[in-house]
Every structure is written in C-alpha cells, then in structure tokens.
Amino acid sequence: MEYHEHIALRAALEWQIEAGVIDALGEEPVDRYAVQLEARAAPKPEARVKAPAAPVEMPKVDPVVVAQQSAAQAGDLAALEQALSAFEHCELKMGARNLVFSDGSPDARVMIIGEAPGRDEDRQGKPFVGRAGQLLDKMLAAIGLNRAESVYITNVLPWRPPQNRDPKPDEIAMMRPFVQRHVELVAPELVVLMGNISCDAGLGRRGITRLRGHWTEAYGKPALPMFHPAYLLRQPQMKREAWADLLEIRARLG
Ligand code: URA
C-alpha cells in the first residue's frame with residue numbers, strides 16, 4: 001500500500017468513527033446463526049487428527065498380595081508391627097485410635113490369637129484388656145499360665161471394627177499373611193484359636209461349637225480352637241467346655 005493510500009484510508013476510518021459507526025459490515029449480509037450451527041457441527045481440526053484419549057488405567061493392587069509381600073519382608077516383631085502400621089489397604093485403620101499388635105512374652109510356648117480389638121483395647125493399644133481379657137487372664141491362671149511370662153497374645157485384626165462389627169471376609173484375608181508371619185516370628189509350640197473369626201482366619205472355616213476342643217493345625221503349628229471369652233461371659237454354662245480345653249493345653253505342654 002502506498003503511503004498516501006494509507007493516510008486516506010485512516011482518514012476515512014476516523015471520519016466513520018466520528019459519524020457514529022460502531023460495526024464493521026461487509027458488502028454481503030452474513031447469516032451468523034447458520035455460521036454458528038455449521039461451526040458446531042464441524043469437528044474441531046485437532047479432534048480429526050487425534051484419537052480420543054483412552055481412560056487412564058490405575059494399576060489395580062491386590063491387598064492380599066501387598067500384605068504377603070510386606071509381611072514376608074518383616075525380619076522381626078518390631079518390623080512386622082511397622083509393616084502393619086504402614087499397610088494402607090484396610091479401611092478399619094481409618095476409624096481406629098490405635099494399632100493393637102500384641103501383649104505377653106514373645107518367648108512363650110503358647111500363642112493366643114483372638115478376633116479384633118474392642119473399645120478398651122483400641123484405647124490402650126493392647127489386646128484383651130477389657131472384660132473378656134480379664135476372664136482370659138483368669139482362665140490362663142487356672143492352668144498356671146500368665147500373660148507376662150508364659151503366653152503371647154495377638155488378634156487377627158489389629159484395628160477395632162466400628163461398633164465391634166464382625167470383620168469382613170476381605171479384611172480377614174488381607175490380615176492373614178500378617179498373622180502367618182506373626183506366628184513364624186514368635187514360633188510358639190502351639191496356638192489357641194479364640195472364637196470363630198480366629199478359626200476362619202487360621203483354618204478357613206467357622207463352627208466353633210464343633211471345632212472347639214479338637215486339635216488341628218493352623219499357621220503350621222498345632223492349634224486348639226476354643227470358645228472366645230466374650231462368648232463365655234454371655235454363656236457362662238459353656239465354661240465347662242472351656243475348662244476341658246484349658247486342661248488339654250496344660251496336658252500338651254507337659
Ligand atoms: N476380643 C478379642 O478377640 N480380642 C481382643 O483384643 C479383645 C476382645
């Protein structure tokens with residue numbers, strides 16, 4: 001464009017603005033509605049070349065496999081407790097105050113495996129410290145055992161289930177590798193499976209009324225299923241059977 005043309009065009013534009021022109025119109029009318037509809041219908045240039053993005057696949061983890069790997073790496077009881085506290089796949093952990101790992105002597109010949117912490121255990125971070133635990137202490141004392149020296153106590157679940165509900169099958173399954181490793185590290189002579197949840201985890205079956213009093217094997221050790229002390233508090237007439245089972249343990253220890 002020549003310099004004088006540029007001056008002339010600019011002067012014309014200024015004159016139009018001065019005269020109140022606010023829109024730039026072309027020679028031909030344009031149907032803007034039709035233009036908009038066409039634009040919507042036409043695929044965007046980049047959509048034509050790019051394939052639709054595939055949904056991002058999050059790698060699925062199996063909590064049981066994670067638990068197996070984590071438990072297998074624990075070389076001692078402190079490491080196992082640490083592995084449990086680092087395990088993020090059990091939702092019970094969210095609602096619990098404390099991890100309840102164990103109590104008693106790791107050198108004990110008898111390892112007692114209970115179900116899960118209740119309110120008192122959750123508060124104190126120790127297994128069997130509530131009413132059921134006090135009864136358990138009395139039962140043990142009746143055959144000359146005590147928690148400080150001659151038994152080691154843990155639970156299938158280290159976290160209290162909300163409102164003491166029964167643990168779910170997947171919760172039991174993901175804790176089982178930790179219990180297995182726990183038994184390997186303590187290496188007791190025998191294990192006592194206290195109640196149905198403990199039988200479920202250790203034997204893969206429930207039915208404590210039929211299972212109790214019969215020696216079996218769990219976690220690679222001789223195992224005796226027994227009534228849970230909480231059940232004995234509700235059904236004191238069953239203490240006869242519990243006494244018979246305690247005598248079985250006494251006899252086995254020699
Ligand atoms: N019942 C259990 O099975 N374990 C506990 O620690 C307390 C109550």
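Taken together, the values in this text are just the output of simple stated rules run on the coordinates, not laboratory data. Here the structure is a predicted model, which is why all the values come from computation and not from measurement. FYI the Cβ positions are ideal-geometry reconstructions off the backbone, even for glycines, and counts take in every protein chain you see.
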Where labels lie 7 Å past Cα in the beta-carbon direction, separation of ALA53 and TRP243 in nm: 7.2
Difference of contour (0.36 nm per residue) and Cα-Cα distance, GLU5 to VAL64: 13.0 nm
Inter-site label distance for ASP31 and ASN164 at 7 Å from Cα along Cβ, in nm: 7.8
For region 142-200 and region 77-109, distance of Cα centres in Å: 11
Full-stretch length increase - LYS138, LYS221 - with 0.36 nm per residue and alpha-carbon distance subtracted: 27.4 nm
Computed lengthening from ARG206 to GLU88, 0.36 nm per intervening residue step minus Cα-Cα distance: 39.7 nm
